[in-house]
Amino acid sequence: MKLQHLAIGDRFEYEGKIFVKTGPLTASSDQGGQQIIPRYAVLKPLDQAQPESRAGGRERLNKAAVLAAFDRFYRTSERLCDSTAHAELARARSEFLGIFE
């Protein structure tokens, strides 16, 4: 596993030492001090199950939270846009919601 696949605060082992990720390229060791972890370094994650696949190191989103946020966005957009744009906005909404089917 690479450093970019871990979230800040995740613990991992590198070169026989235990670290906590503190930034995009940095980690703090249990013995103190910060260290830059090379992008090519292969790490052993601790205290977590190996993720099956995290595209680009991104966190998985909660579907219900995404849909609720989108619904709030859509209602605000519908209220703010003029009546000539409502049909196009509704088509865009249907297209977006189609990715969840």
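Those residues that are in a loop (DSSP other than H, G, I, E, B) and over 20 Å from the mean Cα position of the chain (by Cα), I need them from the range 19-36; list them, please.
Passing the criteria: Asp30, Gln31, Gly32, Gly33.
Kindly provide the set of residues from the range 1-24 that are loosely packed, with under 14 Cβ neighbours inside 10 Å and hydrophobic (A, V, I, L, M, F, W, C), ordered by number.
If the condition is that a residue be loosely packed, with under 14 Cβ neighbours inside 10 Å and hydrophobic (A, V, I, L, M, F, W, C), then Ala7, Ile8 are the ones that fit.
Looking at (1) in contact with a helix residue (DSSP H, G or I) (Cβ under 8 Å, 6 or more places away or on another chain); (2) of a type in the set (Lys, Arg); (3) at pLDDT below 90, which is the one condition that is false for Lys2?
So the condition that Lys2 fails would be (3).
The values are calculated or read from the model by the stated rules, or taken from the named source; none is laboratory data. Everything numeric in this text was worked out from a predicted model, so none of it was measured. Quick reminder, even Gly has a Cβ in these numbers, built from the backbone with ideal geometry, and neighbours come from all protein chains shown.
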